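The values are calculated or read from the model by the stated rules, or taken from the named source; none is laboratory data. These figures come from a predicted structure and were not determined experimentally. Glycine gets a Cβ as well: all are built from the backbone with ideal geometry, and neighbour counts include every protein chain shown. Each accessible area value is taken on the protein alone, full model and side chains, heavy atoms only, with ligands, DNA and RNA left out. Shrake-Rupley method; radii C 1.70, N 1.55, O 1.52, S 1.80 Å.
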Amino acid sequence: QLSPWMTREVHTELNDYVNRTFHHGSGAQRQRAQVVSVHAFMVNEDAAEVAARMVLCGRSHAIAARLQHVHDPRERSVWRCTSLAWA
């Protein structure tokens, strides 16, 4: 669902992180992460930075994203995630 909004590199990094961090152990009960706070900052007209905190299994995880206003191959104006970091 997220791939249209991310560069291919960012989507691959996110998939790798989620699989490594949250899908380990057999028989583990799958739980959904809950986003508990989000902060956004407009760097300029074409760039925004977003920080969020989510809780999963009682533990907090932070995520930061850089969004760029770009034109897709069909020349539509879209926001695309070009960088992603988590802790």
Quick one: what pairs do we get from segment 5-32, first residue more than 30 Å from Arg76 (Cα to Cα) and modelled with pLDDT of 65 or more, second outside any helix (DSSP H, G or I) and open to solvent by 80 Å² or more (accessible area, probe 1.4 Å), C-beta under 7 Å, 6+ apart or different chains?
Gln31/Cys57
Being of a type in the set (Gly, Ala, Ser) and modelled with pLDDT under 90 is true for just one of Ala87, Ala65, Ala40, Ala48. Which residue is that?
Ala87
Any idea how many residues of segment 71-87 are in contact (Cβ under 8 Å) with a residue 24 or more places away in the chain and open to solvent by less than 50 Å² (accessible area, probe 1.4 Å)?
3
